[in-house]
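Step one of this worksheet: look at the structure below.
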Amino acid sequence: MNHLQRILSARRLSPSIIPPSCFLHRRLFSTSETDDSSASFSSSHHKIQTPEDGASDKSRSTPSTTSSLKEHELAKFSAIADTWWHSEGPFKPLHLMNPTRLAFIRSTLCRHFSKDPSSARPFEGLRLIDVGCGGGLLSEPLARMGATVTGIDAVDKNVKIARLHADMDPVTSTIEYHCTTAEKLVDEGRTFDAVLALEVIEHVANPAEFCKSLSALTIPNGATILSTINRSMRAYASAIVAAEYILHWLPKGTHQWSSFLTPEELTMILQRASVDVKEMAGFVYNPITGRWLLSNDISVNFIAYGTRRSDHGDI
Ligand SMILES: C[S@@+](CC[C@H](N)C(=O)[O-])C[C@H]1O[C@@H](n2cnc3c(N)ncnc32)[C@H](O)[C@@H]1O
Ligand SMILES: [Mg+2]
């Protein structure tokens with residue numbers, strides 16, 4: 001068993017990690033948070049959001065909607081859309097994380113669909129969707145691995161940048177990009193063998209509804225993969241205070257601590273959406289090598305792979 005397999009097998013989940021619903025924050029099952037103008041990206045007065053600030057967020061009690069859009073989150077991405085492919089720009093952490101998250105995706109999807117992970121194009125024959133694709137940092141390598149890729153993003157500028165970049169290579173020019181949302185594609189009846197939403201759920205209006213849409217886009221017995229940031233004190237210190245305010249890796253205000261989900265919460269909302277989480281891994285940054293590694297440590301950045309039950313559950 002190699003290192004990766006050890007990590008992954010260590011993170012195969014049993015239902016015992018799923019907490020009773022009373023542990024969950026009410027936010028998970030409420031709704032679209034109305035816009036918080038104090039979170040504006042362009043503001044010169046950046047207040048570091050504390051966990052307590054999040055706890056008193058009044059927007060929690062707004063009525064339910066199926067839209068996953070949070071306008072002020074989209075505005076942040078629109079403002080920096082032309083930097084998606086600058087490897088030293090605001091998306092540098094995603095560029096650096098890419099090989100690590102692709103290793104997890106290759107490993108889990110190859111096992112799930114009985115594909116050969118040592119093949120150059122292991123995803124040949126698979127239809128994948130990259131939800132919240134941004135500039136296409138993930139969509140492109142998935143296409144190079146042979147998948148038929150659809151990339152969607154709610155920000156039109158992102159989709160345009162993704163399209164322009166993908167068109168530079170005949171292999172990636174096959175990617176179908178659309179400015180739309182997961183819920184709209186559900187309404188259109190689209191389905192995919194595997195659905196991926198990396199670093200998106202912490203930016204949507206309603207994580208539980210979003211997971212239901214991801215599930216509905218996944219064929220029965222297909223795979224669903226999400227990555228996000230844990231709502232832990234370590235994540236507050238490293239992903240917000242250090243990354244945004246000390247190291248300036250990300251623009252200030254990129255993340256709201258209160259919008260993060262714990263691995264248990266994500267597992268539970270996916271389970272309620274008919275997706276059983278099978279494996280999880282953490283991404284850990286090594287400041288000496290400047291690389292991210294797959295790890296057992298899911299206290300900050302983590303990725304989860306689940307399988308879509310063939311029954312429709314309570315979707
Ligand atoms: C942090 S970026 C991640 C980009 C890409 N998944 C990656 O990991 O390289 C989050 C992306 O999600 C998009 N987004 C946010 N909310 C969305 C929603 N409700 N539906 C679709 N895309 C959304 C944003 O426009 C942004 O491009
Ligand atoms: Mg994020």
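Values in this text are rule-based calculations from the coordinates and carry no lab data. Quick caveat: nothing in here was measured; it's all calculated off a predicted structure. All Cβ positions, even for glycine, are placed from backbone atoms using ideal geometry, and neighbour counts span all protein chains on display.
For the reader, a short list of remarks on this structure follows.
- Gyration tensor verdict on the range 165-272 (Cα atoms; rounded if a/c is under 1.5, prolate if a/b is larger than b/c, oblate otherwise): oblate
- For Tyr177, Tyr245, Tyr305, Tyr285, order by how many other beta-carbon atoms lie within 10 Å, fewest first: Tyr245, Tyr285, Tyr177, Tyr305
- Interchain or long-range residues, amide H under 5 Å from Thr262's placed H: Arg231
- The string of couplings for the range 179-185 from the Karplus curve (6.51, -1.76, 1.60, θ = phi - 60°) is 8, 7, 10, 4, 5, 5, 5 Hz, one whole number per residue in order, with x for Gly and Pro.
- Ellipsoid semi-axes in whole angstrom, largest first, where each is sqrt(5λ) of the Cα gyration tensor of the range 69-143: 28, 14, 10
- What the phi angles of the range 283-293 give under the Karplus curve with 6.51, -1.76 and 1.60, with θ = phi - 60°, is a coupling list of 10, 10, 8, 9, x, 6, 8, x, 10, 9, 10 Hz, glycine and proline written as x.
- Separation of alpha-carbon centers, the range 91-121 and the range 156-220, rounded to whole Å: 18 Å
- For Glu88, Glu73, Glu244, Glu279, order by how many other beta-carbon atoms lie within 10 Å, fewest first: Glu88, Glu244, Glu279, Glu73
- Computed from backbone phi, the HN-Hα couplings of the range 244-259 come to 8, 9, 9, 8, 6, 5, 10, x, 4, x, 4, 10, 10, 4, 5, 8 Hz, rounded to whole numbers (Karplus: 6.51 cos²θ - 1.76 cosθ + 1.60, θ = phi - 60°; Gly and Pro given as x).
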